[in-house]
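Encoded as structure tokens, the structure appears first; notes follow it.
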Amino acid sequence: MSETTAKRQKFQLQSGVSVVLGAQWGDEGKGKLVDILAAEADVVCRCQGGNNAGHTVVANDISYDFHLLPSGIIHQDCKSVIGNGVVVHLPGLFEEAKKCEKKGITKWQDRLLISDRAHLVFDLHQAVDGLIEQEKGSKSLGTTKKGIGPTYASKASRSNLRMCDLLGNYEEFSVRFKHMADGYQRRFSNLNVDCEEELERYKSLADAVRPMVGDTVYYLNTAISSCKKIVVEGANATMLDIDFGTYPYVTSSNCTVGGVCTGLGLPPKAIDRVYGVVKAYTTRVGIGSFPTEQVNEVGDKLQRIGREVGVTTGRKRRCGWLDLVVVKYSHMINNYTSLAVMKVDILDTFDEVKVAVGYKLAGKVLPSFPADQHILKDVEVDYVTMPGWKQSTEQCRTFEELPVNAQAYLKKIESITGVPVQFVGVGPSREQIIQIF
């Protein structure tokens, strides 16, 4: 590895703000890294997205699937914060919490703080999400139909309702909810909304959620002033960012480092470290250009061995070789302090492995990642082929214990991206992550 990573010392989370972001199209293993950092953290935050995200954490042989709750909720001494940039489907939140209770997570209410500025996702948003997809027909985006896009659209049009509205004047909340529902029903004649039933439901939910709602902007900035250890858990990933991702096949929020500031009310200078999480190969769910996708035996093998099925949707993920053009572009936007390369063990049985190091169009090398999907789908990928290691990495606990060819693979990632690799995942459990420095 580089001289920096050659100094092998036990990792310790420092005070200040550490951000964990997906460097590809999501599903990189962010939840696992957050879980490890959260063991030493005072606060773990979600800054954007909603229950369209899915983070899997395996702790003490128990697998947890988180969608709205920050992964830090597992840890008894850690405060979990859902920031103003998150859109919250309250019924889904309580349903998720019940599942966690059945797996032994207790007193989660005492450890959760939800922003009073967070916008609400209603069932009508989810219904509208499905209707919009129907309208688009063959040109649908393949959304999760969790109502995330319509909620952010309502937010941008200044017609949505926030957590503080729910807990404030309920008569005004009711009027505004009915006005929003009327607007959607005028557009979609087959949309059925029982406003009175929904409002009664939310009156009950308001009482349940009230103790967990507060001013998270003040809370977090006070925590920073007190030198607390804060971890920010990004949902989705850079290539799904609404501005920088493969638009229009993206999510509806900013899941890059800028979304951390706007989604939590943190000043940029408060961010001390940004960890980019990279899967050792590349996957994406749904529609959109994917230059290194392997629609062949390689892709099938990656999908099968990697158990590549969406946590939220249950859809099979498309699979391909590691695309370092994507990771370099992602680093350009987020300025990663270091990388976490996950699921290296999935490549253990391959005779050779490939990494994409450049794109060409009509024989000319592209200087940067293209915005236009029509260009992206026509690029020729320039690969570097490396020998596989053909042995299990699952029991490795240090960089030196990894097979030589696996070490070379990680060094190649470092040399091409210019970012040191700090964590290496070799299995699903907490213990199966190598901390390099």
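The values are calculated or read from the model by the stated rules, or taken from the named source; none is laboratory data. Remember, it's a predicted structure, so these values are computed and weren't measured experimentally. Cβ placement follows ideal geometry from the backbone for every residue including glycine, while neighbour counts extend to all protein chains displayed.
Here are some residues: Thr282, Thr262, Thr292, Thr256. Which one is under 27 Å from Ile73 (Cα atoms), surrounded by 15 or more Cβ atoms within 10 Å (Cβ to Cβ) and touching a strand residue (DSSP E or B) at 6+ places or on another chain (Cβ under 8 Å)?
Result of the check over Thr282, Thr262, Thr292, Thr256: Thr256.
Limited to the range 259-281, what total is found for residues that are touching a residue at least 60 places away in the same chain (Cβ under 8 Å) and either in contact with a helix residue (DSSP H, G or I) (Cβ under 8 Å, 6 or more places away or on another chain) or in a strand (DSSP E or B) (or both)?
Selection size over the range 259-281: 15.
List every residue pair whose Cβ atoms sit under 7 Å apart, with the two residues 6 or more apart in sequence or on different chains, where the first one lies in the range 36-59 and is of a type in the set (D, E, K, R) and the second, anywhere, is part of a loop (DSSP other than H, G, I, E, B) and crowded, with 24+ Cβ neighbours inside 10 Å.
Cβ pairs passing all conditions: Arg46/Pro70; Arg46/Gly83; Arg46/Ala235.
Is there any pair linking a residue in the range 287-300 that is assigned by TED's automatic domain parsing to the domain that holds Leu347 and of a type in the set (Val, Ile, Thr) to one that is assigned to a loop (DSSP other than H, G, I, E, B) and surrounded by fewer than 18 Cβ atoms within 10 Å (Cβ to Cβ), with Cβ under 6 Å and at least six apart or on different chains, and which?
Ile287/Gly142
Go through (1) in a loop (DSSP other than H, G, I, E, B); (2) in contact with a helix residue (DSSP H, G or I) (Cβ under 6 Å, 6 or more places away or on another chain); (3) in contact (Cβ under 8 Å) with a residue 24 or more places away in the chain and name the single condition Lys145 misses.
Tallying (1) in a loop (DSSP other than H, G, I, E, B); (2) in contact with a helix residue (DSSP H, G or I) (Cβ under 6 Å, 6 or more places away or on another chain); (3) in contact (Cβ under 8 Å) with a residue 24 or more places away in the chain, Lys145 fails exactly one: (3).
Please find, among Ser159, Ser204, the residue that is surrounded by fewer than 18 Cβ atoms within 10 Å (Cβ to Cβ), of a type in the set (S, T, N, Q) and under 17 Å from Leu93 (Cα atoms).
After ruling out the rest, the residue left standing is Ser204.
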